[in-house]
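J.: To start, I am sharing the structure in question, which I have written as structure tokens.
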Amino acid sequence: MRTSLRMAALLASILTANMAVFAQTNSPMPGQPDASGPRSADQAIQAFLVRQDSSDCTNSNVGATDPSLVAGTILLAREPDGNTSVKVATTAAPNTTYHFSLKCVKQLGDITTGDEGEATATFNFPTNSTGTAYAFEMSAEGAPAGTNYQSVQVRF
């Protein structure tokens, strides 16, 4: 229970900070017009990271209905430069390096957890490198079954 409360607190603080950054990104500087307009709801979304060993390329059978399997959150934002920003917050195995991948496309980088299993990371990828539905995977090299994570399906 203690780990769940820590994870909830970590995720809440990260999401609050991320939403503040997104709001600042969308606010014009004083005296400057906002040429891009406000970021619309279809440009920023949240997805959950769920303990599940495998799925298809778009994670069509991954759901976040069992809270005990949710291990993190992913905040995605489509940026004006043609990239998608991915901010990950997770609680997984302590002191472990996980490969974080845009599923069936490419590895985005690594996430290393601390001694309490908590980690955050930020990645970017070209928005046009995916179809309308896509997903993420987080796995440790050589990890046994039951220790891989899939995102719920992402659709903007």
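Where a number appears in this text, it was derived from the coordinates with a stated rule and is not lab data. Predicted, not measured: the structure shown is a model, and the values here were computed from it. Here the Cβ positions follow ideal geometry from the backbone for every residue, glycine too, while neighbour counts run over all protein chains shown.
J.: Could I have the simple spin-label model distance between Asp115 and Gln43, label points 7 Å from Cα toward Cβ, reported in nm to one decimal?
T.: Each label point is offset 7 Å from its Cα along the Cβ direction, giving 4.2 nm.
J.: Still on this structure: Would you give the gap between the C-alpha center of segment 40-117 and the C-alpha center of segment 119-135, rounded to a whole Å?
T.: What the calculation gives is 9 Å, centre to centre.
J.: How much of the calculated P(r) for segment 38-156 lies past 17 Å, in percent of all Cα pairs?
T.: Summing the P(r) of segment 38-156 above 17 Å gives 52 percent of all pairs.
J.: What ratio of Cα Rg to 2.2 N^0.38 Å holds for segment 103-156?
T.: Output field value: 1.27.
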